[in-house]
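The values are calculated or read from the model by the stated rules, or taken from the named source; none is laboratory data. Computed from a predicted structure; not experimentally measured. Every residue, glycine among them, receives a Cβ derived from its backbone with ideal geometry; neighbour counts consider all protein chains shown. Heads up: the accessible areas ignore ligands, DNA and RNA and are worked out on the full protein's heavy atoms, side chains in. Shrake-Rupley method; radii C 1.70, N 1.55, O 1.52, S 1.80 Å.
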Amino acid sequence: MTPDRTQNSSASAPTELYKLRNKNGIEVGLLNYGATIANLITPDKEGRLDDICPGFADLQQYENNSFYFGGTIGRFANRIKHGTFTIDGKKYQLAANDGAHSLHGGVQGFDKHIWNAKESSAGHGSSVRFSRLSPDNEEGYPGNLDVKVTYTLTDDDELIIFYEAATDQPTVVNLTNHAYFNLAGKEGLDILHHEIRIHADYYTPADSELIPTGQLAKVQDTPMDFRSWKEIGARIQELGNSPRGYDHNYVLHKSPDKSALDLAAEAYEPASGRRLEVYTDQPGMQFYSGNFLNDSITGKNGRPCSQYGGFCLETQNFPDSPNQPTFPSAVLRPNEIYKSKTIYKFSTN
Ligand code: GLA
């Protein structure tokens, strides 16, 4: 179970691909560029292995595009309205990269940096730990932020992602991974026939620029209701957004113990029998149905990454929480450590 390391290089950055494998044939390919999940190979119900994470074939595509395939997202995942927020009476202005707003850490978010990497194979699986120092004022965020993201693949078919961060000035932190899944494998077409269940009674409604209104709304009697198994495509046409599709933050069911890893979502693809469970200690999850993907993007199999070609389950704090006093706080102070954990668990039936 020792990780492999393959050297690779591009014009702009030396990159390395780390591979984690478990006894059941699951293999995770991790790039030090963006601390990115580049490949995720799992068996279907007949034991046939295939890659279930749509993405790019080469580094330059990662560098030149912002689809965030498998990337580590920070310093603040999702949107911050007008890229501004105030801590202790001091106002900060971030780079705007989504109209007037800041999205996924800014112009050069954590997904677009080379991280340090350290492999280990202790305990319950083999791991790669990525780390980097995000300097004070990077993309406008205050404070030097020391960040670590550890991926562990276990023989129980779990990919555990553990995030840690520490700062020397008050700042905001919200880390996630932006893996896209298509459980049908790399020849899979759209994900509209995948079935999904999301353990949330509420979501955070947003305006046409995907900035939350600050309210919590019930999913009941809306196309957002995935409390029982439903095909992703079942009610997608009823959504009024453009490009149409799910791009919504769900308010997850939480145990009273904040660090408990609660079941957030499950997905199932009937033809392959592949199943995915997502556990997290985070309060929210962005369910994104790949609405912005389009035929002009060439994926790693040489085929277009068409709209709805993959879905994301981005565990996170709520979007724009630095400006929403009723949302869970995203402020991290120098005497605190940010810790969060998400588990993707793979199975078939
Ligand atoms: C997120 C956002 C989407 C979109 C994608 C990347 O998940 O919520 O609106 O920007 O990233 O294309």
For residues in the stretch 39-78 being assigned to a strand (DSSP E or B) and under 23 Å from HIS124 (Cβ atoms), which is most open to solvent (accessible area, probe 1.4 Å)?
LEU49
Is there a residue being more than 13 Å from the ligand (Cβ to nearest atom) and on the phi > 0 side of the Ramachandran plot anywhere in the stretch 60-72?
no
Yes or no: the stretch 156-171 includes at least one residue that is in contact with a helix residue (DSSP H, G or I) (Cβ under 7 Å, 6 or more places away or on another chain) and modelled with pLDDT of 95 or more.
no
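Can you tell me which residues in the stretch 170-205 are open to solvent by 50 Å² or more (accessible area, probe 1.4 Å) and touching a strand residue (DSSP E or B) at 6+ places or on another chain (Cβ under 9 Å)? Before you say what the answer is, go through the steps one by one.
Let us first name the residues in the stretch 170-205 that are open to solvent by 50 Å² or more (accessible area, probe 1.4 Å), namely 186-187, 189-190, 193, 195, 197, 201-202.
If the condition is that a residue be open to solvent by 50 Å² or more (accessible area, probe 1.4 Å) and touching a strand residue (DSSP E or B) at 6+ places or on another chain (Cβ under 9 Å), then LYS186, GLU187, HIS193, GLU195, ARG197, ASP201, TYR202 are the ones that fit.
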If a residue must be of a type outside the set (D, E, K, R), in contact (Cβ under 8 Å) with a residue 24 or more places away in the chain and closer than 28 Å to PRO43 by Cβ, how many such residues does the stretch 131-162 contain?
9
Failed item, numbered, when ARG197 is tested on (1) in contact with a Lys or Arg (Cβ under 9 Å, 6 or more places away or on another chain); (2) assigned to a loop (DSSP other than H, G, I, E, B); (3) under 30 Å from GLY47 (Cβ atoms); (4) not small (Gly, Ala, Ser)
(2)
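Mind checking which strands (runs of 3 or more DSSP E) fall wholly inside the stretch 227-331 and carry at least 1 residues that are among the β-branched types (Val, Ile, Thr) and farther than 28 Å from ILE41 by Cα? Steps first, answer last, please.
On the way: elements: 247-252, 262-269, 274-280, 284-288, 312-316.
Here the list reads 247-252.
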Quick one: count up the residues across the stretch 101-135 that are over 18 Å from the mean Cα position of the chain (by Cα) and either of a type in the set (Gly, Ala, Ser) or within 14 Å of the ligand (Cβ to nearest atom) (or both).
10
When residues of the stretch 104-119 are filtered for being without any contact (Cβ under 8 Å) to a residue 40 or more places away in the chain and open to solvent by 40 Å² or more (accessible area, probe 1.4 Å), how many remain?
3
Of the criteria (1) closer than 27 Å to GLY105 by Cβ; (2) within 16 Å of the ligand (Cβ to nearest atom); (3) touching a Lys or Arg at 6+ places or on another chain (Cβ under 8 Å), which one ASN294 fails
(3)
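Let's see how each residue does on (1) in contact with a Leu (Cβ under 9 Å, 6 or more places away or on another chain); (2) at pLDDT 95 or above; (3) surrounded by 18 or more Cβ atoms within 10 Å (Cβ to Cβ); (4) not aromatic (Phe, Trp, Tyr):
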| position | (1), (2), (3), (4) |
| --- | --- |
| ASP262 | yes, yes, no, yes |
| ALA267 | yes, yes, yes, yes |
| PRO304 | yes, no, no, yes |
| ALA330 | no, yes, yes, yes |
| GLU336 | no, yes, no, yes |
| TYR344 | yes, yes, yes, no |
